[in-house]
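Notes follow once the structure below has been shown.
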Amino acid sequence: MRAEPLRVMLDETALGNMFAFSCLYDELATETYSLCLRIVETRGQADKAVLETWLRVWQHAASLAQAPSPARETILAVAFSVSKWVKSNE
């Protein structure tokens, strides 16, 4: 069975691979921004949520890589949680 490409990128990010992180970001940046914007409703707050999302992905990649769900779902769950936090702190 072939590993999911995003999972491989997340696993490599967990090892500190900045190139893998940049590839992961390139694959999911638009989707994370769209999700954040839908939740917080302003571009400024969406920008803040996206920045915080990707910071958390970088800082917690090792634990995120252990999640049983696909990497895409795991990262979007982080974006959702961060967006809810940003919105509640407006």
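The values are calculated or read from the model by the stated rules, or taken from the named source; none is laboratory data. Predicted, not measured: the structure shown is a model, and the values here were computed from it. Cβ sites come from the backbone with ideal geometry, for glycine too, and all protein chains shown count toward neighbours.
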Response to the item:
Quick count over segment 55-89, residues being free of Cβ contacts under 8 Å to residues at least 40 places away in the same chain, under 16 Å from LEU6 (Cα atoms) and in contact with a helix residue (DSSP H, G or I) (Cβ under 6 Å, 6 or more places away or on another chain), is 2
Item to complete: Take LEU28 and decide whether it is in contact with a Leu (Cβ under 8 Å, 6 or more places away or on another chain) and either among the acidic types (Asp, Glu) or assigned to a helix (DSSP H, G or I) (or both).
Response: yes
Worksheet entry | Number of the condition not met by ARG43 [criteria: (1) touching a helix residue (DSSP H, G or I) at 6+ places or on another chain (Cβ under 9 Å); (2) at pLDDT below 95; (3) of a type in the set (D, E, K, R)] | (2)
Discussion item. Name the residue that is farthest from LEU76 (Cα to Cα), counting only residues in segment 23-54 that are of a type in the set (Ser, Thr, Tyr) and in contact (Cβ under 8 Å) with a residue 24 or more places away in the chain.
Written reply: TYR25
Response to the item:
Within segment 40-60, residues out of contact with any Asp or Glu (no Cβ under 8 Å at 6 or more places or on another chain) and either among the charged types (D, E, K, R) or surrounded by 17 or more Cβ atoms within 10 Å (Cβ to Cβ) (or both) come out as GLU41, ARG43, ALA46, ASP47, LYS48, ALA49, VAL50, GLU52, THR53, TRP54, ARG56, VAL57
Worksheet item: Taking segment 53-71 on its own, how many of its residues are out of contact with any Ser or Thr (no Cβ under 8 Å at 6 or more places or on another chain), in a helix (DSSP H, G or I) and more than 19 Å from THR30 (Cα to Cα)?
Response: 3
Discussion item. Checking ALA65 against (1) surrounded by fewer than 17 Cβ atoms within 10 Å (Cβ to Cβ); (2) closer than 13 Å to LEU10 by Cβ: exactly one of these is not met. Which one?
Written reply: (1)
Worksheet item: From the residues in segment 1-55 that are of a type in the set (S, T, N, Q) and closer than 18 Å to VAL82 by Cβ, which one is farthest from the chain's Cα centre (by Cα)?
Response: THR42
Worksheet item: Picking from ALA20, ALA14, which residue would you name as being surrounded by 13 or more Cβ atoms within 10 Å (Cβ to Cβ), more than 21 Å from SER88 (Cβ to Cβ) and touching a residue at least 40 places away in the same chain (Cβ under 8 Å)?
Response: ALA14
